[in-house]
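The values are calculated or read from the model by the stated rules, or taken from the named source; none is laboratory data. Predicted model, so just to flag it, every value in this text is computed and none were measured. Counting neighbours? That spans all protein chains shown, and the Cβs are built from the backbone with ideal geometry, glycine included. What goes into the accessible areas is simple: the full protein's heavy atoms, side chains included, and nothing from ligands, DNA or RNA. Shrake-Rupley method; radii C 1.70, N 1.55, O 1.52, S 1.80 Å.
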Amino acid sequence: MTRLLLDGAIPPGIDLLSQVQILQLNGNQLTGSIPWEIGNMSSVYQLDIGNLMGLLHLQLSGNQFSGSIPIAIENLTKLTSLALYDNMLTGHLPENVCSRRLLQYFSISDNHLVGSVPKDIRNCTSMTRFRLNDNQLEGNTDANFGVYPNLTFIDISHNQFSGKISLKWDRCTQLATLWIAGNNMGGKIPSEIGNWTQLYHLDFSMNHLVGMIPRELGKLTNLVNLSLNNNHFSGGIPHEIGSLTNLQILDLSGNILSSMPDSIGALSNLHYLNLSCNKLSQRIPIPIGELVHLSQLDLSHNLHIGEIPAQFTKLEDLMTLKFSVNNLSGPIPNSKVFQGAPAEAFQTNKGLCGNVSGLQPCQLPHKEDRHGPTKCHKIVFIVVFPLLGALVMSFVITRVS
């Protein structure tokens, strides 16, 4: 096996290495276009760059390749994995890289590719892992993607895909990770999502989704990560969210949600909870204080009222917290993480107090409150009792006369 450590362009004449069988050029700082000459290297059977007939794996990731993907790549009809991610490639996706339905792994993420998903890829039923994220690809997701019975992972985040959440994902029965963040998706989450029980990771964040968060999400009990932040969801967080007891990450921030249920306290494995930038207006549910594994908590920029529950002192794993821009009052919990939090964590809460920079110290009760009646109470006694006595005497005199 020959290993080259290169920067700059792939050197001319590389095709003269006629006896090379394995050639790996990934993980360098290569620039320029992918050379056509590599197609003449007939002895290579495993190549991390090239366009050879019979090639099974093509790995070109982690360089600085520019230009378009060579059309000759379509001749690699036996490819099972194609990785071109993390380069500077432009232009469109290749039209025919899965003509024999053998391609299983396809990643072109982190490039500058445009256009829609070709029909050949849309019908690539052999696909198991599929990464198109961080490009400028577009088109309706229902039309651009097909049914992939073996698919376990797909990430099409941070493109310009549009349309509604496709029900075709329901027929990808092995799908464990579905990431569609940062696109132009609209409409509601379909109630059929309750059938996608094999999902472990679901990310619909940074789109234009509307309506209420469907109760059917509570059926996805395998979920470890649920991110619906930065959309336009309204109404209350459904009670059924408490059924997702395997959740470690829950991000519903940046919506128009109005209430959260006590059942959120059942998410005993939660490490990250972000409900900031909503319209949550009730008291903070006490059961959140039972989430003993929570390390990051953000409830800022809401309309919460009342005190921060004292049960929050149980959150011994908590490392970062944010309660700013609410209507909270009373003392902050007496625990190390609260007492050591920065002022920004509590700012714009007029009633909060505590020994934290930026907060007013809490007022102790007056001495009279602890040991006896206050001055006001004394005045009441002085005035009321003589008056009652006079009324009684008047009543007695009247009865006698």
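Summary of values
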{"read-out": "Flag for Thr90 being over 35 Å from the mean Cα position of the chain (by Cα) and either of a type in the set (Ser, Thr, Tyr) or modelled with pLDDT under 90 (or both)", "value": "no"}
{"read-out": "Residues satisfying the stated conditions in the stretch 181-199, i.e. open to solvent by 40 Å² or more (accessible area, probe 1.4 Å) and either polar (S, T, N, Q) or closer than 13 Å to Thr141 by Cα (or both)", "value": "Asn184, Ser191, Asn195, Thr197, Gln198"}
{"read-out": "Long-range neighbours under 9 Å by Cβ, at least six apart or interchain, first residue part of a strand (DSSP E or B) within the stretch 96-119, second aromatic (Phe, Trp, Tyr) and surrounded by 17 or more Cβ atoms within 10 Å (Cβ to Cβ)", "value": "Tyr105/Phe130; Phe106/Phe130; Ser107/Tyr85; Ser107/Phe130"}
{"read-out": "Selection status of Leu299, within 25 Å of the chain's Cα centre (by Cα), surrounded by fewer than 16 Cβ atoms within 10 Å (Cβ to Cβ) and among the aliphatic types (A, V, I, L, M)", "value": "no"}
{"read-out": "Meets criteria (surrounded by fewer than 12 Cβ atoms within 10 Å (Cβ to Cβ) and either modelled with pLDDT under 95 or among the basic types (Lys, Arg) (or both)) for Ser357", "value": "yes"}
{"read-out": "Matching entry among Val292, Val325 (being of a type outside the set (Asp, Glu), out of contact with any strand residue (DSSP E or B) (no Cβ under 9 Å at 6 or more places or on another chain) and more than 15 Å from Gly265 (Cβ to Cβ))", "value": "Val325"}
{"read-out": "Matching option when the condition is open to solvent by 20 Å² or more (accessible area, probe 1.4 Å) and touching a His at 6+ places or on another chain (Cβ under 9 Å), among Ser99, Ser116", "value": "Ser116"}
{"read-out": "The stretch 74-86: number of residues that are open to solvent by less than 10 Å² (accessible area, probe 1.4 Å) and over 15 Å from Met127 (Cβ atoms)", "value": "2"}
{"read-out": "Complete set of residues in the stretch 129-180 that are within 20 Å of Asn195 (Cα to Cα), β-branched (Val, Ile, Thr) and either crowded, with 19+ Cβ neighbours inside 10 Å or under 18 Å from the mean Cα position of the chain (by Cα) (or both)", "value": "Thr141, Ile154, Ile165, Thr177, Ile180"}
{"read-out": "Strands (runs of 3 or more DSSP E) lying entirely in the stretch 135-252 (those with 1 or more residues that are over 21 Å from Tyr272 (Cα atoms) and of a type outside the set (Lys, Arg))", "value": "136-140, 153-155, 160-163, 184-187, 208-212, 232-236"}
{"read-out": "Index of the failed condition, Leu280 passing every other in (1) open to solvent by 20 Å² or more (accessible area, probe 1.4 Å); (2) part of a loop (DSSP other than H, G, I, E, B)", "value": "(1)"}
{"read-out": "Residue list for the stretch 227-253, filter: touching a Phe, Trp or Tyr at 6+ places or on another chain (Cβ under 6 Å) and open to solvent by less than 10 Å² (accessible area, probe 1.4 Å)", "value": "Leu228"}
{"read-out": "The stretch 254-274, residues that are open to solvent by less than 10 Å² (accessible area, probe 1.4 Å) and under 11 Å from the mean Cα position of the chain (by Cα)", "value": "Leu273"}
{"read-out": "Subset tally (residues that are on the phi > 0 side of the Ramachandran plot and surrounded by 15 or more Cβ atoms within 10 Å (Cβ to Cβ)) for the stretch 200-226", "value": "1"}
{"read-out": "Test for Glu368: is it open to solvent by 90 Å² or more (accessible area, probe 1.4 Å), out of contact with any His (no Cβ under 8 Å at 6 or more places or on another chain), at pLDDT 50 or above and not in a loop (DSSP other than H, G, I, E, B)", "value": "no"}
{"read-out": "Those residues of the stretch 53-95 which are part of a loop (DSSP other than H, G, I, E, B) and either among the small types (Gly, Ala, Ser) or more than 20 Å from His112 (Cβ to Cβ) (or both), in sequence order", "value": "Met53, Gly54, Leu55, Leu56, Ser61, Gly62, Leu76, Thr77, Lys78, Leu79, Thr80"}
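Per-residue answers, yes or no, for (1) charged (D, E, K, R); (2) touching a Leu at 6+ places or on another chain (Cβ under 6 Å):
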{"residue": "Arg215", "(1), (2)": "yes, no"}
{"residue": "Ser234", "(1), (2)": "no, no"}
{"residue": "Glu240", "(1), (2)": "yes, no"}
{"residue": "Leu267", "(1), (2)": "no, yes"}
